[in-house]
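Worksheet: the structure to be examined is printed underneath.
Computed from the coordinates by the stated procedures, all read-outs in this text should not be read as laboratory data. Note that the coordinates shown come from a computational prediction; the quantities given were computed from them, not determined experimentally. In this analysis, Cβ positions are derived from the backbone assuming ideal geometry, glycine residues included, and neighbour counts consider all displayed protein chains.
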Amino acid sequence: MMDVQAHKTNIIANTATMAYRNLLKTLHNPDKFLDVIVQPVMFMLMFGYLFGGAIAGNVHAYLPTIVPGILMQALISAASGSGTQISDDMNSGIYDRLKSLPIAHIAPLAGQLFADILRLFIAAIASLTTGFLMGWRPAAGFGWVVVVVLLDVFLGWALSWVFALYGMVAKSSTMVESVSLITMLLLTFLSSAFVPVKTLPHAMQILVNLNPVTYVIKASRVMLNQGIWSNQAWIVLGAGVLVVAIFAPLTVLVYNRKN
């Protein structure tokens with residue numbers, strides 16, 4: 001019994017150490033903050049001021065539409081960082097070195113995934129703070145902002161498992177970055193993130209309505225503007241749980257085979 005408890009304690013302590021190591025790695029490489037701070041701020045300012053007048057009449061009227069969209073875009077981009085960092089570590093031989101240490105075998109992977117939670121929260125704060133400074137105010141109150149952030153961060157963390165899996169099977173981190181960027185652009189631009197769906201051609205409306213990101217953004221807008229936990233929110237929550245249930249075991253399986 002004592003051995004089992006000690007084993008569990010070691011896994012938790014080792015995972016925490018690996019998470020701390022990944023956070024330090026990010027802090028010592030400021031370029032890794034580009035996708036969690038600079039990108040959401042840049043897109044919020046650029047899209048808001050460039051398209052606000054054309055789409056909604058003015059920037060202030062456009063913010064309730066674009067803020068949830070940029071929030072989800074920032075979280076997808078931040079989640080993709082898992083794949084890049086894991087690919088870098090595997091190609092540099094860091095995982096081989098960690099494997100030789102007396103630590104829990106799963107700790108390096110778990111540490112990366114748990115460190116990503118902080119990256120996701122930073123991306124969410126950067127997006128929403130920029131929107132707030134531009135004049136956005138949640139009609140339902142800031143309590144619902146917390147709910148939206150928690151839901152979206154959970155979904156972003158679920159997607160981190162997908163990108164982590166790809167990071168382990170891809171040949172290089174450059175390939176991971178390229179595929180992640182394309183994935184992020186397709187998921188966000190082919191959704192209701194930036195324009196009303198009814199303004200799109202019929203064929204594109206079908207694609208947008210099939211895009212899971214559209215459900216996330218719709219759920220976020222309803223909560224932020226009306227203060228209602230809608231059916232879309234339940235779908236988003238269920239989808240996040242399903243993604244973790246599918247890709248977490250697959251990622252761990254591939255990780256074990258490679259290490």
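For the peptides 190-197, 10-17, the ranking by mean Cβ contacts within 10 Å, running from highest to lowest, is 190-197, 10-17. Straightening the chain between residue 150 and residue 101 buys 14.1 nm, computed as 0.36 nm per residue apart minus the Cα-Cα spacing. As I understand it, the value is the acute angle between the Cα axis of helix 212-226 and the longest principal axis of the Cα atoms of the chain; what does it come to in degrees, rounded to 10? On a 0 to 90 degree scale, this one is about 60. Just to confirm the number: angle between the C-alpha axis of helix 59-92 and the first principal axis of the chain, 0 to 90 degrees, nearest 10? Helix 59-92 sits at roughly 20 degrees to that axis.
Which order do the peptides 113-121, 157-165, 47-55, 145-153 come out in when sorted by mean C-beta neighbours inside 10 angstrom, highest first?
Working: 113-121: 21.4, 157-165: 25.3, 47-55: 15.7, 145-153: 18.8.
By packing density, highest mean first, the sequence is 157-165, 113-121, 145-153, 47-55.
Relative to the dominant Cα principal axis of the chain, helix 173-189 is inclined by about 30°. Take residue 209, project a point 7 Å from its Cα along the Cβ direction, then tell me which residues of region 232-259 have their backbone nitrogen under 16 Å from it. Within reach of a label on residue 209: 232.
Overall, region 89-175 carries a charge dipole of about 60 debye about its Cα centre when +1 sits on the Cβ of Lys and Arg and -1 on the Cβ of Asp and Glu, all other atoms neutral.
What are the semi-axes of the equivalent ellipsoid for the chain, taken as the square roots of 5 times the Cα gyration tensor eigenvalues, largest first, in whole Å? Don't jump to the answer; show the numbers that get you there.
Numbers: eigenvalues 244, 69, 62 Å².
Result for the chain: semi-axes of 35, 19, 18 Å.
Sorted on the mean count of surrounding Cβ atoms within 10 Å across their residues, most packed first, peptides 248-257, 97-106 read 248-257, 97-106.
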